[in-house]
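A short worksheet on the structure shown next.
The values are calculated or read from the model by the stated rules, or taken from the named source; none is laboratory data. Everything numeric in this text was worked out from a predicted model, so none of it was measured. Note that we place each Cβ from the backbone using ideal geometry, even for glycine, and neighbour counts take in every protein chain shown. Keep in mind that these areas ignore ligands, DNA and RNA; they rest on the heavy atoms of the full protein, side chains included. Shrake-Rupley method; radii C 1.70, N 1.55, O 1.52, S 1.80 Å.
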Amino acid sequence: MLLEQIKDPQDIKNLKGEELDMLAGEIRQFLIDKISVTGGHLASNLGVVELTIALYRAFDLPRDKVIWDVGHQSYTHKILSGRRNMFDELRQYGGLSGFPKRKESPYDAFDTGHSSTSVSAGLGMAQGRDLMGDDYAVVSVIGDGALTGGMAYEALNNAARIKKNFIIILNDNNMSISENVGGMSRYLSNIRADAGYNRLKKAVSGVLNRIPFIGEGLVDKISRTKDSIKQLVIPGMLFENMGITYLGPVDGHDVKAMVKIFKEARKMDHAVLVHVNTQKGKGYGPAEKNPSRFHGVEPFDPGTGKPREKKIYPGYTDVFSKELCRLAGQNPHLVALTAAMPDGTGLKAFAKRYPDRFFDVGIAEQHAVTSAAGMAAAGLRPVVAVYSSFLQRGYDQVLHDVCIQDLPVIFVLDRAGLVGSDGETHQGIFDLSYLTSIPNMSVLAPKNLWELRQDLEFAVNRFSHPIAIRYPRGQAYRGLKEFAAPVEYGKGEMLYEGKEVALLAVGSMVSTAEHVREKMKREGYDCTLANGRFIKPVDLELAARLASTHRLIVTLEENVLQGGFGLQVTAYVHEHYPQVKVLNIALPDTYVEQGNISLLRENLKIDSDSVVRTIKTFYRGDAR
């Protein structure tokens, strides 16, 4: 196999044309074989195999720097940079990250995980290169879907100012995570449709160059004016008008053609964008037919493309999806927004049933939040469904455009808490901290699937201010069904009353606390269990009730400790009940790497067994 002969990244430069095609095929089969076992991002990686090979042939990595936007398409890059033997532990704890990581390899020039960042990072690196007196190439790879993110345009606007080489590669596969939306998608479609542009440019330039004496001057003048051939043929010429030279489009599965155009781009003394057309999921039938479903996959049967394990229903996302559709049937003013994640956030059913009330803004979380604020100001009741870690990108808009005006926007945060295999950039462990810091914002976390329905109904029908509901990834908890106190603003819920030790938990940690209580009871401890339900405002009456009857209060949350639920309770108890001890169970002040969620919970000591040990140690030490 050719792939096994690639011992060093430089080896790829010695392969011949037909060998490159063979290598691409072997890499695709390798990716299918490995990802079918570990899970991971499949379709995006299958689409950039030849593009990555071309980058390795045209540039001198790692001296030259390639920055991958998002980074979920970097698997071939990892294979060619010497990490092929690590793929059995892809996205596992202590194993190979599914995204670029500088600490993992010198070939990873910049850590990525969220979208629309590579042009900014690349431009900064190129400016640093120039000021440091170096001359390596800087290449930012960005997808067409990522161009819906406003940060990409801020970077493009500034890229035109650079006076030395900076290369942007637009990987255009007409798909982001879900189908692309908006004006940029239509603009790129027009460019793709004009397959004859490059042929026409070359033909006209060739004719003009053959005119004696004046030919070369004509070509130069045409290329320098806004009435150039390119301007006439391709509507708008967005990139050229911004001052960035545009090359392409080029076939993203033709290594020879890409190497040629990359080398041409390398010669330019300013910013240049190379437009590369690729097919997401290329080489694997199921992924070609349904690239959205094969964007991020769990382990699957490579023969059929079907998951190895059946999905367990309902997940919290499924519960939200069904309940939102039910509420929308009762309230014609209810609308839903997402940022390129209708499938992941559960809005696909809503979009099908209420297409005029559904808005997918593309990868543009900031715009999603502020447009929702505008809708609320116009009298609608908007629901913004977003992953917890992605809402971080719209923090200023939540604060400035929603909460200052006290507008009734509902934020539904999926994947809150530990997410697992996607690692540091995707763990939703900061939302309680950053949301509770904002005046006028209220935050809820349901203990089970029935409480999620209650919380959503409360937010839609009985609350008229900014509010966020956060829940974890995966199967919805079905325990504690008998406890279903109506949702009252700022009120928690007493579940079991005991003595000495009180467990006060929120969200996903209520089920953990239930297991802690059961295990403590077997060892002779009679623990109280309460569901905080509201993280903001904290139910201080409930906290006072617990503090007046217990020696120790244990708070439990799946969020970092700093700025979270536990410290709010601690501050209140220490001020009003200084004799009562408070023990906070939360995540440490760190970024959490990829890994199985159960393993991460155990390592971070928030699983039930670890919590029991921590409580017993603390309680016994306090008693002495």
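If you count the DSSP beta bridges with both ends in region 475-624, what percent of them are antiparallel, to the nearest 5?
Rounded to the nearest five, the antiparallel share is 15 percent.
Note down the net charge around R84, summing +1 for each Lys or Arg and -1 for each Asp or Glu among other residues with Cβ under 13 Å from its Cβ.
Here the charged neighbours net out to -3.
May I ask you to list, by number, the DSSP H helices of the chain whose Cα span along the axis is at least 30 Å and whose average Kyte-Doolittle hydropathy reaches 0.0 or more?
Helices meeting the criterion: 17-38.
Students often forget the sequence filter, so: which lysines lie under 27 Å Cα-Cα from K163 once same-chain residues fewer than 8 apart are removed?
Reachable lysines: K65, K201, K202, K221, K226, K230, K260, K263, K267.
If I stretch the segment between K16 and A257 completely, what's the gain in nm (0.36 nm per residue apart, minus their alpha carbon distance), one decimal?
85.4 nm
So if I place +1 on the C-beta of Lys and Arg and -1 on the C-beta of Asp and Glu, and nothing else carries charge, what would the dipole magnitude of the chain be about its Cα centre? I want it in debye, nearest 20.
That gives a dipole near 580 debye.
Per residue, how large is the accessible surface of the chain? Use a 1.4 angstrom probe and give square angstrom.
That works out to 42 Å² for each residue.
List every residue whose amide H lies under 5 Å from the amide H of L587, counting only residues 5 or more places away in sequence or on a different chain, with H placed 1.01 Å from N in the peptide plane.
Under 5 Å from the amide H of L587: N559, V560, L561.
³J(HN,Hα) across region 163-171 via Karplus (A = 6.51, B = -1.76, C = 1.60, θ = phi - 60°), whole Hz, x for Gly/Pro?
So the Karplus estimates, Gly and Pro as x, are 9, 10, 5, 8, 10, 10, 10, 8, 7 Hz.
Percent relative contact order of the chain, based on C-alpha pairs within less than 8 angstrom and at least six residues apart?
11
Please report, to one decimal in angstroms, the Kirkwood hydrodynamic radius of region 525-624 built from all distinct Cα-Cα pairs.
By the Kirkwood definition, the hydrodynamic radius is 14.5 Å.
Using Cα positions and a limit of under 13 Å, work out the aspartates and glutamates in reach of K311, with same-chain residues fewer than 8 apart set aside.
Partners found: E298.
Report, for the chain, the % of DSSP beta bridges that are antiparallel, rounded to 5.
DSSP beta bridges in the chain are roughly 15 percent antiparallel.
How much accessible surface area, in Å² rounded to 10, belongs to the heavy atoms of F59 with a 1.4 Å probe?
Accessible area, nearest 10 Å²: 10 Å².
Return the percentage of antiparallel bridges among DSSP beta bridges fully within region 419-535, rounded to the nearest 5 %.
35
Please report the carbon-and-sulfur percent of the accessible area for the chain; probe 1.4 Å, protein heavy atoms only, DNA, RNA and ligands left out.
Taking all protein chains in place, the chain shows 51 percent carbon and sulfur surface.
Near K616, which lysines are there with a Cα under 23 Å away, not counting those fewer than 8 places off in the same chain?
The reachable lysines, counting only those whose Cα sits under 23 Å from K616, are K499, K519, K521, K581, K605.
Relative to the compact-globule scaling 2.2 N^0.38 Å, provide the ratio for the alpha-carbon radius of gyration of region 285-384.
Here the Cα radius of gyration is 1.26 times the empirical estimate.
Separation of region 411-425 and region 311-356 by C-alpha centroid, Å?
19
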